[in-house]
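A.B. asks: Can you keep this structure in mind? I'll have questions shortly.
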2 protein chains.
Amino acid sequence: MNKDIIIVIATALASLLAILFAALTAKKVLGYSEGSELMQKISRSVRKGANAYLSRQYKIVIIFFAVMFVILGAMAIFGFLTPFVPFAFLTGGFFSGFSGFIGMKIATASNARTANACMEGLNKGLRVAFSAGSVMGFTVVGLGLLDLTIWLLILKFIVKLPDEAVTDAMLTFGMGASSMALFARVGGGIFTKAADVGADLVGKVEAGIPEDDPRNPAVIADNVGDNVGDVAGMGADLYESYVGSIISSCALGIAAFKSFNAMALPLCIAAIGVLCSVLGTFLVKTKEGASQKQLLSALSRGTNFSAILIAIVSLPLVWYFLKDNWTIYFAILAGLISGVLIGRSTEYYTSDSYKPTQNLAKTSETGTATIIIGGLSVGMLSTLIPIIIVSVCVLVAYFVSGGAGSASMGLYGIALAAVGMLSTLGITLATDAYGPVADNAGGIAEMAGLDKSVRERTDALDSLGNTTAATGKGFAIGSAALTALALMASYINKIQSIDGGAEKIKNLAINNPTVLIGLFIGACLPFVFAALTMNSVGRAAQSVVKEVRRQFKEIAGLMEGNADADYAKCVDLCTKSSLHEMILPTIVAVIVPVIVGIVLGPTGVVGMLAGATASGFLMAVFMSNSGGAWDNAKKYIESGQFGGKGSENHKAAVVGDTVGDPFKDTSGPSINILIKILSMVSIVFAAVVVSFSLL
Amino acid sequence: MNKDIIIVIATALASLLAILFAALTAKKVLGYSEGSELMQKISRSVRKGANAYLSRQYKIVIIFFAVMFVILGAMAIFGFLTPFVPFAFLTGGFFSGFSGFIGMKIATASNARTANACMEGLNKGLRVAFSAGSVMGFTVVGLGLLDLTIWLLILKFIVKLPDEAVTDAMLTFGMGASSMALFARVGGGIFTKAADVGADLVGKVEAGIPEDDPRNPAVIADNVGDNVGDVAGMGADLYESYVGSIISSCALGIAAFKSFNAMALPLCIAAIGVLCSVLGTFLVKTKEGASQKQLLSALSRGTNFSAILIAIVSLPLVWYFLKDNWTIYFAILAGLISGVLIGRSTEYYTSDSYKPTQNLAKTSETGTATIIIGGLSVGMLSTLIPIIIVSVCVLVAYFVSGGAGSASMGLYGIALAAVGMLSTLGITLATDAYGPVADNAGGIAEMAGLDKSVRERTDALDSLGNTTAATGKGFAIGSAALTALALMASYINKIQSIDGGAEKIKNLAINNPTVLIGLFIGACLPFVFAALTMNSVGRAAQSVVKEVRRQFKEIAGLMEGNADADYAKCVDLCTKSSLHEMILPTIVAVIVPVIVGIVLGPTGVVGMLAGATASGFLMAVFMSNSGGAWDNAKKYIESGQFGGKGSENHKAAVVGDTVGDPFKDTSGPSINILIKILSMVSIVFAAVVVSFSLL
């Protein structure tokens, strides 16, 4: 056996280890008690709703994948693609969806268990919720690495394709993952926010009953939403980022170095990242009655330990594979550090421990309009620091990798920075995915009428989840931007490798009007996409509002607690409308790059990718952070500041929070996927565009 | 005398004709009666407040100009600039400010006169208000052309500089105009919205008194705001667009054709535009009791006539100057048509005659949060059509001008499209500036307790003003994008003409990381700028809210109408806080291009300009249209739809309108100037950047 195959097998083993760890952790979690009969019943309802949603979502997704398979198959027959591509596309979609599915399964199995564990104590609750998050985190990285290495083994060592053709087919695999991720994020995001907004608007605002009150007909749908949006959606999303960053750096590595070593490096960093993350999880525990700060430091201990370990181990790896260019190590380091810094910046702008959110809470004193204006401007202002961080990271990664001498080496460095940023994904995703579990546990505690101390504990865990979610979003956005840039470079390489392509992509100067127009259209896409997804949430939420109002009116004794609400109806409504609404945005994302390619040619596509990346990054940060700041400003007021719960200020803050919901949980995160799927689709259709483009 | 000088003098004569026409119109307007003693008194208060604001604004602006003059002087001494540049900078600022000043003077002199004329009838009212708008429109174009031709005469025919050096100095003149415009737009925009929001929040929402009620202490400040923001600010803004588009096409014409003819063409189109616009104004009249539609068609008749006339006359002009490239004519035509189409698109998205705003009004049924989400998404979605229009316009302008063969000719075509778009400025600005006059007249009618029928007439005129304002904004935004692209091309030419510059700007490819980083930072600027200006409005409004609340509490008998409010205090407060708040955003706009230039070099600057233009255009359209849609959704509800005035739905719509205020009248329009001033500053500091840049 040669060295190369050993490396790939070692990576495969690391991925299996991640999956094994996830399985063992799942077994442990499932061993805990689900609590009382009532808790089990509630948890079952949530589970049932989530399963029903996912199975119907998959049915729609399958149609899309079947159509795309036929299209890609036809393209392969006509010689525009290698024959493996359609199959790679399918597996990408399958594994991405499967990651989300597993995450959702374990999350819905752990909510009651977490609530029950919180009866025993805070530490126990943290362990259960975090373990559930870990299952998700390691499933995502494990399945991602596994799929990659299987394809690598088949294409490189069995079919014996040349390296360029291998990475080429694997990029299609990325397109499958991205499409699935977009469906999951958009559909799940619409579901969760429609349910949430619907439940809040009628329940909290109109009927004046507390959050998670069992009398609210949308309360189960709300909990289902946390699982299908924040868990399954996020799982598919980050699976896609993870795989995308690794594939694009493999492709750019081959282009720059013409050596398998450059392809092995990102794989090995990812493999090492898995191992270090597993070790990190063992450090996550806290003592009883821990403060918010201590809880946070419990989680940070795990992620920081993993990150430092990866930073240390990567150096000899780089030295081994690319001795003459060992300074590329600093690109990986830049990525790792940037991810953390963007997370910090997100935390600064959205946590109520800092000025921006506290000041935002204060603007509620002059009414709803001022808190809306304030939140929008916090979000817009918060784009500055992340864009500087990403800019510095790109420049550092480019130049330490020798970009000054060879552009392709520099671009490889940028891709590696994304791999570095995502190398800790196993554990960062665990800290991120644990949030919705804690949130659900709180809901169950409320609905099952558990002791107040239990709800306090789940609230502490949940509120921590908001902070870790902010960090997680920082990683997702930062890595999306870097990966999108790397994919743009891969696209250019791909076009140049096609007969007649080099001619069509000669003038990439930014003052070439085709590039400029592409840039304009690309920059516009995130705005349009955000509008479409927000409208979808609005429409879906309105249908929920009407249904909840109807139930309050028509079900006698509901408000008095003498009759049960028809939860299933709300779940069904959310399912139907969110699935209906997810189709248009996804199709836009897939079709636009092809249209732009045909009309403006490859130079226009490159402009479009650059424009979409820049404006998409800004919109994603803006929307996520505005949403986060509103959410926490509301929580800050609820903690007794500026009049506290029930005051006029609080009402204003609730409106802010409701506006922020689709911002931070639907539109914002979907844009991350949008900017990558645009490049993936462009790459897959590159040969068609070169043949048929007008310019 | 040679042919060239005749052309310049003819242009100068056209500019003098515009000024003469403005003066005669002003004389006519001033001949009308101001109405009763009370009306005169109110009008005087508004005038006094506006004068006080402007004189204090100019004092601050003078400091800025003095500092810049010293900096530019020092640069000239060290050989980075020609010695005329600092003086050109000053005159640009002076004339821009002067345009705003004249507009403000006539607007504040015509508000009571319009109200009085409305007592006689709708047609009379329209004529007075429109005449006031015409004074402003023709002052702007007249002074703009005059300043241009004077400098041209001095530099080309007296000092006898080569053509390149002439356009170079004139670009600095543009930077002066832009700086002044930015101060006026930002300062005036903050003033008007702080007063408006303050008056509305306490008066309408808290105290429950009608709009423009004389008991509201902020009511005069609100009227002052219309004048200093919507009139003086807009005047300076469009002066800057107008001059900027002409200068940049002169500069690109010289670069492309090395012939004065290419410089004479934009000047002559502008001159012809002035004459055609004057003729168009005579068609603006309506019959008594005219419907909204008839009023609109009265205004459209004037602008359409002017536009068609210009389209016809331009063809022989192009034929005369550039016979071999007469197809450039279609670039001018593309610009003219695009301006109209963008205006139409703005109207579609923001007028309550169409679905988007009607649907937006409907979302108020489910509360404040949904109307906010709805308005944001209308704005974001509304970016798509304008961006396609601008894209098509750019492509057409580029290719019909021979861009396929010579890029510089194509870029000249893009600049000419902007000149074409703005050639009707005299009359479009008249229809635009008439809005605030009618708005003020309504306020005076209310405060002076005139007959209800008068207020109905002023309301009809005002509501029409909202539609024309939408069209005006379309022109401002569209021309800003085209001019910014032309200025970017001028910047590249400028760098290439500097010793050692060509070397530094070799690789403008969009995948060059320096270009990309520049693009990221540039795209971020409009977000940051919007956040800063929104925050400013928020802070200034809060101080007004507090003052108004204080007066309601402390002035005995105010609510009963037995005591006068202290209007001057509110005006003073708005003045102070808006002037204080306008400084930071303006300084950011001037300093950032220099910093980016020093750190990233000229390629980074080009990336920045492209990024700022793309994202700035999108943000400006998004914010203006969201604001417009909210405003008209509120008016639609007030007209009796969805519950009408006073309903919960109306309250929700008022919040939307309040959020939209800084969107459409402060942040959105300021971004238009931002994207141009970035290029102007970059051009002026080009030589410094080439000498000192790190990359």
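The values are calculated or read from the model by the stated rules, or taken from the named source; none is laboratory data. Computed from a predicted model, the values in this text were never measured in an experiment. With ideal geometry, Cβ positions are generated from the backbone for all residues, glycine too; neighbour counts draw on all protein chains shown.
A.B. asks: Looking only at segment B:1-46, how many residues end up being surrounded by 19 or more Cβ atoms within 10 Å (Cβ to Cβ) and more than 27 Å from residue B:125 (Cβ to Cβ)?
C.D. replies: Adding up the residues that qualify gives 6.
A.B. asks: Working carefully through the options A:473, A:452, find the one that is out of contact with any Ser or Thr (no Cβ under 9 Å at 6 or more places or on another chain) and of a type in the set (Lys, Arg).
C.D. replies: Only one candidate passes the filter, namely A:452.
A.B. asks: Filter segment A:506-535 down to the residues that are more than 7 Å from chain B (Cβ to nearest Cβ) and either closer than 19 Å to residue B:377 by Cβ or within 24 Å of the chain's Cα centre (by Cα) (or both) and list them by number.
C.D. replies: A:522, A:525, A:526, A:529, A:532, A:533
A.B. asks: I want to confirm something. Restricting to segment A:384-398 and keeping residues that are facing another protein chain (nearest Cβ under 7 Å) and without any contact (Cβ under 8 Å) to a residue 12 or more places away in the chain, which single residue is surrounded by the fewest Cβ atoms within 10 Å (Cβ to Cβ)?
C.D. replies: Restricting to residues being facing another protein chain (nearest Cβ under 7 Å) and without any contact (Cβ under 8 Å) to a residue 12 or more places away in the chain, the top hit is A:384.
A.B. asks: If residue A:140 satisfies every condition in (1) modelled with pLDDT of 90 or more; (2) over 19 Å from the mean Cα position of the chain (by Cα); (3) buried (at least 24 other Cβ atoms within 10 Å of the Cβ) but one, which is the exception?
C.D. replies: With respect to (1) modelled with pLDDT of 90 or more; (2) over 19 Å from the mean Cα position of the chain (by Cα); (3) buried (at least 24 other Cβ atoms within 10 Å of the Cβ), residue A:140 is out only on (2).
A.B. asks: Additional query: Inspect all residues belonging to segment B:465-483 and state whether any of them is in contact (Cβ under 8 Å) with a residue 60 or more places away in the chain, within 10 Å of another protein chain (Cβ to nearest Cβ) and either closer than 30 Å to residue B:246 by Cβ or in a helix (DSSP H, G or I) (or both).
C.D. replies: Yes, the conditions are met somewhere in segment B:465-483.
A.B. asks: Go through the residues of segment B:410-423 one by one and say whether even a single one is surrounded by fewer than 24 Cβ atoms within 10 Å (Cβ to Cβ) and under 30 Å from residue B:275 (Cα atoms).
C.D. replies: no
A.B. asks: Tally up the residues in segment A:350-383 that are of a type in the set (Gly, Ala, Ser), assigned to a helix (DSSP H, G or I) and either more than 10 Å from every other protein chain (Cβ to nearest Cβ) or within 30 Å of the chain's Cα centre (by Cα) (or both), please.
C.D. replies: Count: 6.
A.B. asks: Would you be able to tell me the number of residues in segment A:595-607 that are more than 10 Å from chain B (Cβ to nearest Cβ) and either in contact (Cβ under 8 Å) with a residue 24 or more places away in the chain or under 27 Å from residue A:345 (Cα atoms) (or both)?
C.D. replies: 6
A.B. asks: Would you confirm whether any residue within segment B:650-660 is of a type in the set (Lys, Arg) and away from chain A (no Cβ under 14 Å)?
C.D. replies: no
A.B. asks: Which condition number does residue A:41 fail, the rest of (1) assigned to a helix (DSSP H, G or I); (2) touching a residue at least 60 places away in the same chain (Cβ under 8 Å); (3) not β-branched (Val, Ile, Thr) being met?
C.D. replies: With respect to (1) assigned to a helix (DSSP H, G or I); (2) touching a residue at least 60 places away in the same chain (Cβ under 8 Å); (3) not β-branched (Val, Ile, Thr), residue A:41 is out only on (2).
A.B. asks: Next question, about the same structure. Determine, yes or no, whether residue A:101 is in contact (Cβ under 8 Å) with a residue 60 or more places away in the chain, surrounded by fewer than 24 Cβ atoms within 10 Å (Cβ to Cβ), assigned to a helix (DSSP H, G or I) and under 20 Å from the mean Cα position of the chain (by Cα).
C.D. replies: yes
Conditions tested, residue by residue: (1) without any contact (Cβ under 8 Å) to a residue 12 or more places away in the chain; (2) surrounded by 24 or more Cβ atoms within 10 Å (Cβ to Cβ); (3) in a loop (DSSP other than H, G, I, E, B).
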position	(1), (2), (3)
B:546	yes, no, no
B:551	no, no, no
B:578	no, yes, no
B:593	no, yes, no
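A.B. asks: Can you pull out the residues in segment B:301-347 that are buried (at least 16 other Cβ atoms within 10 Å of the Cβ), within 19 Å of residue B:279 (Cα to Cα) and not aliphatic (A, V, I, L, M)?
C.D. replies: Answer for segment B:301-347, where residues must be buried (at least 16 other Cβ atoms within 10 Å of the Cβ), within 19 Å of residue B:279 (Cα to Cα) and not aliphatic (A, V, I, L, M): B:302, B:303, B:304, B:305, B:306, B:314.
A.B. asks: In this structure, is residue A:610 more than 10 Å from chain B (Cβ to nearest Cβ) and in contact (Cβ under 8 Å) with a residue 12 or more places away in the chain? Show your work before the answer.
C.D. replies: Values: more than 10 Å from chain B (Cβ to nearest Cβ): no; in contact (Cβ under 8 Å) with a residue 12 or more places away in the chain: yes.
No; evaluated as a whole, the condition is false for this residue.
A.B. asks: Right, next: Scan segment A:492-505 for residues that are more than 11 Å from chain B (Cβ to nearest Cβ), in a helix (DSSP H, G or I) and among the hydrophobic types (A, V, I, L, M, F, W, C) and jot them down.
C.D. replies: Hits for segment A:492-505 are A:495, A:502.
A.B. asks: Please verify whether residue B:489 is in a helix (DSSP H, G or I), in contact with a Leu (Cβ under 6 Å, 6 or more places away or on another chain) and surrounded by 24 or more Cβ atoms within 10 Å (Cβ to Cβ), treating the condition exactly as stated.
C.D. replies: yes
A.B. asks: Quick one: would you say residue B:461 is assigned to a helix (DSSP H, G or I), under 30 Å from residue B:305 (Cβ atoms) and among the hydrophobic types (A, V, I, L, M, F, W, C)?
C.D. replies: yes
Residue-by-condition table, conditions (1) crowded, with 24+ Cβ neighbours inside 10 Å; (2) more than 30 Å from residue B:505 (Cβ to Cβ):
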residue: B:599; (1), (2): no, no
residue: B:605; (1), (2): yes, no
residue: B:608; (1), (2): yes, no
residue: B:612; (1), (2): yes, no
residue: B:615; (1), (2): yes, no
residue: B:618; (1), (2): yes, no
residue: B:631; (1), (2): yes, yes
residue: B:634; (1), (2): yes, yes
residue: B:637; (1), (2): yes, yes
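A.B. asks: Using the structure shown, decide if residue B:444 is within 14 Å of another protein chain (Cβ to nearest Cβ), touching a residue at least 40 places away in the same chain (Cβ under 8 Å) and over 27 Å from residue B:265 (Cβ atoms).
C.D. replies: Considered against the rule, which asks whether it is within 14 Å of another protein chain (Cβ to nearest Cβ), touching a residue at least 40 places away in the same chain (Cβ under 8 Å) and over 27 Å from residue B:265 (Cβ atoms), residue B:444 comes out as no.
A.B. asks: Right, something else. Of the numbered conditions (1) touching a Pro at 6+ places or on another chain (Cβ under 7 Å); (2) crowded, with 17+ Cβ neighbours inside 10 Å, residue B:73 fails exactly one; give the number of that condition.
C.D. replies: Status for residue B:73: all satisfied but (2).
A.B. asks: Exactly one condition in (1) more than 13 Å from chain B (Cβ to nearest Cβ); (2) in a helix (DSSP H, G or I) is false for residue A:540; which is it?
C.D. replies: Residue A:540 satisfies all of (1) more than 13 Å from chain B (Cβ to nearest Cβ); (2) in a helix (DSSP H, G or I) except (1).
A.B. asks: Scan (1) within 13 Å of another protein chain (Cβ to nearest Cβ); (2) under 30 Å from residue A:505 (Cα atoms); (3) of a type in the set (S, T, N, Q) for the single condition residue A:672 breaks and write down its number.
C.D. replies: So the condition that residue A:672 fails would be (1).
A.B. asks: Would you check which residues across segment A:399-415 are part of a helix (DSSP H, G or I) and touching a residue at least 60 places away in the same chain (Cβ under 8 Å) and list them?
C.D. replies: Taking segment A:399-415 as the starting set, the residues that turn out to be part of a helix (DSSP H, G or I) are A:399-400, A:407-415.
Answer for segment A:399-415, where residues must be part of a helix (DSSP H, G or I) and touching a residue at least 60 places away in the same chain (Cβ under 8 Å): A:400, A:408, A:409, A:411, A:412, A:413, A:414, A:415.
A.B. asks: Let me ask something else. For residue A:87, indicate whether it is buried (at least 24 other Cβ atoms within 10 Å of the Cβ), among the aromatic types (Phe, Trp, Tyr) and in a helix (DSSP H, G or I). Lay out the reasoning, then the answer.
C.D. replies: Working: buried (at least 24 other Cβ atoms within 10 Å of the Cβ): no; among the aromatic types (Phe, Trp, Tyr): yes; in a helix (DSSP H, G or I): yes.
For residue A:87, the condition - buried (at least 24 other Cβ atoms within 10 Å of the Cβ), among the aromatic types (Phe, Trp, Tyr) and in a helix (DSSP H, G or I) - is not met.
A.B. asks: From A:208, A:235, which residue is small (Gly, Ala, Ser) and out of contact with any helix residue (DSSP H, G or I) (no Cβ under 6 Å at 6 or more places or on another chain)?
C.D. replies: A:208
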